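Accompanying notes for the structure given below.
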Amino acid sequence: MYRILEKQVLSDVTKLMVVEAPQVARKARAGQFIIVLMHDQGERIPLTIADYDRAAGTITLIFQEVGKSTKEMGTMNVGDSFSHVVGPLGHATDIENYGEVICVGGGVGIAPVYPIARELKEAGNHVTSIIGARTKELLLWEDKMRAVSDELIITTDDGSYGRKELVTTPLKEILDSRPGKIKKIWAIGPAIMMKFVAMTTKPYNVHTIVSLNTIMIDGTGMCGGCRVVLDDGAKFVCVDGPEFDAHKVDWNNLMSRLSFYRPEEESATRRFEKDHKCKLDRAIANGVK
Amino acid sequence: MAQLTQKERMKIPRQDMPVQAPEERVQNFKEVALGYTLELAKLEAERCLQCKDPHCMEGCPVEVRIPEFIQAVRDGDMAEAVKIMKSKNNLPAICGRVCPQEVQCESRCILGKKGEPVAIGRIERFVGDYELANKTLEMTKGAPTGKKVAVCGSGPAGLTCAVDLARMGHEVTIFESLHTPGGVLVYGIPEFRLPKDAVIKAEIETAAKALSIRILTDYIIGRTLTIDELQAQYDAIFLGTGAGLPMFMRIPGINFNGVMSANEFLTRCNLMKGYRFPEFDTPVKVGKRVAVIGAGNVAMDAARSALRLQSLIARANGESGGEVHIVYRRSSDEVPARLEEVHHAKEEGVIFDFLTNPVEILGDDKNAVRAMRCIRMELGEPDQSGRRSPVAVKGSEFDMEVDQVIFALGTSPNPLVFNNAGGLERSKWGTVVADKENGRTTVKGIWAGGDVVTGAATVISAMGAGKRAAADMDRYLKGEFDW
């Protein structure tokens, strides 16, 4: 069992958990992910490793409650345990001193971009980070990102904090204002954001890396459900990735594959919410405040 | 029963195993074949002629003493039958269900020359099930040798190797990448063929407890731990990591929604219990018209699972069921699946399209499968495998309307395992190079067996390899040879 040692509510729908998983922590590196299974009836959920502490034997997970399983995970508390945590999976980020780099994080994607930015900074890179979210509430780890970035730009879709823009606007400005300077770009966030980052950087021919979070079961190359189409054929995100050259990804195929199980996800979420509300109502009726 | 003459024995017909009726069983995932009763098992055992020079054992990869255990069943001495069986085969309840007996033990049975062979597999299953229910035989751990062994993978090869080594007194740790031990027995073979809790879990838990075998799930060799790390901590290593990587055809359209590997489809169904969604969280989709490409056991498993899912959905929605096709480029004579599976699939209504090969998968505007373009094949000259190789018939393309395509074309070893595996030699197919007789790899202290060496094969051949390796590892650990 993998105990939850710490839980932070980063927003209504974004939770952080520090989980005891020494065999993962001892090997984890920036860019890798794990798979968690809440209980015997649960599904295997891939989550990027947001941070790790080898000495303490812990990993940090950040997730947004979007479907049944993540909502249920959100109800878990310190002292509760995941029945399974497996990893680290996927390839680690290639960290070297490239010179000037940009790290783009969108929404909950800020979490996995953080250890990459940190390690890039430690390797001597000049790191400019752009973090964005729909609204201020959903923005996370501003302080941590600031601490590992030479420059930090914040955007929100609704202008409730930072610049009222999409992350691609400041990205384009930097590429225009420092021609030829930017050596590499990492972008992690919703598929649609990564697609537009890819479209933005392509004309500048700057190597852009995205971390994909496709539907997976085992995470070890066995099911092939995570496959993504690249210019040079299909690859498995779990073993060949999760990082890929953004300019080679067939984004439309990726997004349609991500939506394949949406009807099932939605029905499971509705059922869970109804059931969860019933339980809450009952608890309140029984005098729990 | 009074002592029968050989003639009388030969007059007893081969006893069928009670099964769920086809129309009933496609509505559920419960086991199809229900197993012999004691009376049926004894009657079938009476058919055995107890040959002086029995050939059946030659057909068994783990050399089960077949005539002896059949004699014990005939005598009604089940404890003895179990003892004889388990001296060679630790997992009879599993083997009785999944071994291709028709090409192994039963193919050598003298009765098969003129009539039907003794149903060795069915009697074996009865013995295995009897032991699971009655626990007559206590497995005992040998005197501790102080040697530590790491077994990677808890499928048929790893389990067999681990159990044998533990019985010899070695301290065994099994590393399993998934959350449940059993490997292909758990993720690949469906519940209706091999019950997960009643058989697999029971077999594994009993053995692990009796022999103090430590099973660590969630350990991916090559990621969580690497082989070089294991070498530093263990006196010997066995690799039974299987062949888990699915193959897709290199044809256009394989990434449309609705195209998947049999591994994905079956893992969702079996390991994740997708057929019980939403009670279990992992969904599994099934189309109205499903094409399964391939005709091995995995293809039969996928096709029959699809039929069941279709029936369950149809019943829930008050609709009629769907269609499931097996699309195979060779003819019915070359079908590699176990006879009983093909028979059951046909009974259940799976449609077989022989001499047919997909050339392209066609999608709709939503990126979902709408049809599969196929070409007719004819049989040409025999190839290296001795089977007549199929050749495309020019201009015979046609479109098959389908909304799901499942590839069951075989699997290859997972390369993940070999991160930091030193000088471990592999073939161009990615399989580990290991000695057929003893399982030794090219690295001292590392043995391998099962699908990781042979590529996708049978449960029993993997068990045989696990057994042979265990015997060799024991000799090595006792210092009887220095590699």
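Every read-out reported here was derived from the displayed coordinates using simple, explicitly stated rules and does not represent laboratory data. None of these values were measured; they are calculated from a predicted model. So basically every Cβ, Gly included, is an ideal-geometry build from the backbone, and we count neighbours across all protein chains shown.
Rounded to the nearest whole Hz, the Karplus-based 3J(HN,Hα) values (6.51 cos²θ - 1.76 cosθ + 1.60, θ = phi - 60°) of segment A:172-183 follow the sequence 5, 4, 5, 5, 6, 7, 10, x, x, 7, 6, 8, with x at glycine and proline. On a per residue basis, the convex hull of the C-alpha atoms belonging to the protein assembly as shown measures out at 195 Å³.
Summed over qualifying helices (DSSP H, 4 residues or more, each -39500 (n - 2.57)) and divided by its residue number, chain A shows a 222 nm mean residue ellipticity of -9000 deg cm²/dmol.
Can you give me the C-alpha center-to-center distance between segment B:273-346 and segment A:146-193, rounded to a whole angstrom? That distance is 48 Å.
Once Rh is set to the Kirkwood radius over Cα pairs, what Stokes-Einstein translational diffusion coefficient, in µm²/s, holds for segment A:100-258 at a temperature of 10 °C and a viscosity of 1.306 mPa s? Walk me through the numbers before you get to the answer.
Numbers: Rh = 15.9 Å.
In µm²/s, the coefficient is 100.
Each semi-axis of the equivalent ellipsoid for segment B:187-331 is √(5λ) with λ an eigenvalue of the Cα gyration tensor; in descending order they amount to 34, 21, 14 Å.
Global dimensions of segment A:4-89 from alpha-carbon coordinates: Rg and Dmax equal 11.8, 33 Å.
Near residue A:152, the amide H atoms lying under 5 Å from its own belong to A:129; only residues 5 or more places off or on other chains count, and H is placed 1.01 Å from N. Using alpha-carbon positions, what is the distance between the centroids of segment B:240-270 and segment B:412-474, in Å? Centre-to-centre distance over Cα atoms comes out at 23 Å. Annotation: amide H of residue A:104 within the under-5 Å range of A:130, A:186, A:187, A:188, sequence separation 5 or more or interchain, hydrogens built in the peptide plane. Pairs of alpha carbons in segment A:242-289 separated by more than 12 Å make up 73% of all such pairs. Taking the empirical scaling 2.2 N^0.38 Å for compact globular proteins as reference, chain B has a Cα radius of gyration ratio of 1.00. Between residue B:58 and residue A:192, the modelled labels are 7.0 nm apart [label points 7 Å from Cα along Cα→Cβ]. The largest-to-smallest principal axis extents of the Cα set in segment B:333-483 are 64, 35, 33 Å. In chain B the longest region clear of GluC sites (Glu not before Pro) that are loop-assigned by DSSP and have at most 14 other C-beta atoms within 10 Å covers B:139-278. Give me the Debye-computed log₁₀ of I(q)/I(0) at q = 0.25 Å⁻¹ for segment B:426-483, equal point scatterers on Cα only, no solvent, two decimals. Reported log10 I(q)/I(0), two decimals: -0.96.
Using alpha carbons only, the radius of gyration of chain A set against its Kirkwood radius gives Rg/Rh = 0.97. Taking all Cα-Cα distances within segment B:1-118, those exceeding 17 Å account for 60%.
Applying the Karplus relation 6.51 cos²θ - 1.76 cosθ + 1.60 with θ = phi - 60° to segment B:407-420 yields 3J(HN,Hα) values of 8, 10, 10, x, 9, 10, x, 6, x, 3, 3, 9, 5, 6 Hz, where x marks Gly and Pro. Summarising the amide proton neighbourhood of residue B:245: residues at separation of 5 or more, or on other chains, whose placed amide H is nearer than 5 Å comprise B:412, B:414.
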